[in-house]
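These notes concern the structure reproduced below.
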Amino acid sequence: MKRFALVVAIQALSCQTITEEMPTRPAPAPAAPILVVVVPIPIPTPAPAPQTTPPPQQPQPSSPPQAQGCSLASLPDHGNCVRESPRFLSDVETALDRLVEEHPEYFNLRDGGTCGNCYKVLNVPGYEAGLVRQLQARGLCAVAGEELGVKNTNTFNEQYDVLTSSNYIRRQAGSYQVTCRPAAF
């Protein structure tokens, strides 16, 4: 144990505390005051999406619309319909011509179909609603749907198929389908 105490004593005597002084630097020269300028940075707002105006469209009704402005009562379809000589064909043709003039955006006027003015219909709901409006302007009651119904009395109405399956105007005697007695709408 003496030996251990001697080693500890030698180690204790051989240790010294080393102190170092840090080099001193000269004090920096006083800096000029920092000028802070607040510059507003505009935050860009997204530009509104360009508005494209689609052709006016009437909503597609789930059931045939009632003829607005028609003072005649609505009747059920009794199925009493046969082919006769059409009475409203010239009114339907005039309504078609006026609709093309007033709403050319409903049609592809470069595609006249098989008859030259049996234009391709681009806006079917607008086309159907426009025909109803045109016929009403002529004092007739009309409804659009699978066929165009036209009447001016509840004694009878005529049905017209004014649109082909490939969305071309169907005109003249080919558009007339049947006459219903009593009126079917």
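Values quoted throughout were computed directly from the atomic coordinates according to the rules given, and no laboratory measurement underlies them. For clarity, every value in this text was computed on a predicted model and none was experimentally measured. We place every Cβ from the backbone using ideal geometry, glycine too, and count neighbours over all the protein chains shown.
Among Asp91, Asp161, Asp111, sorting on how many other beta-carbon atoms sit within 10 Å of each Cβ, with the fewest leading, yields Asp111, Asp161, Asp91. Counted by neighbouring Cβ atoms within 10 Å, the residues Cys115, Cys81, Cys180 run from fewest to most as Cys115, Cys81, Cys180. The length gained on full extension between Ala73 and Thr94, counted as 0.36 nm times the residue separation minus their Cα-Cα distance, comes to 5.0 nm. Charging the Cβ of each Asp and Glu at -1 and of each Lys and Arg at +1, and nothing else, the dipole of the stretch 81-180 about its Cα centre rounds to 100 debye.
Label sites at Asp161 and Asn108, each approximated as a point 7 angstrom past Cα along Cα to Cβ, lie 2.2 nm apart. Taking 7 Å steps out from each Cα toward its Cβ at Gln172 and Asn117 produces label points 1.2 nm apart.
As a rough footprinting exposure proxy, the listed residues Leu109, Leu122 were ranked by other beta carbons within 10 Å of their own, and the order from fewest upward is Leu109, Leu122.
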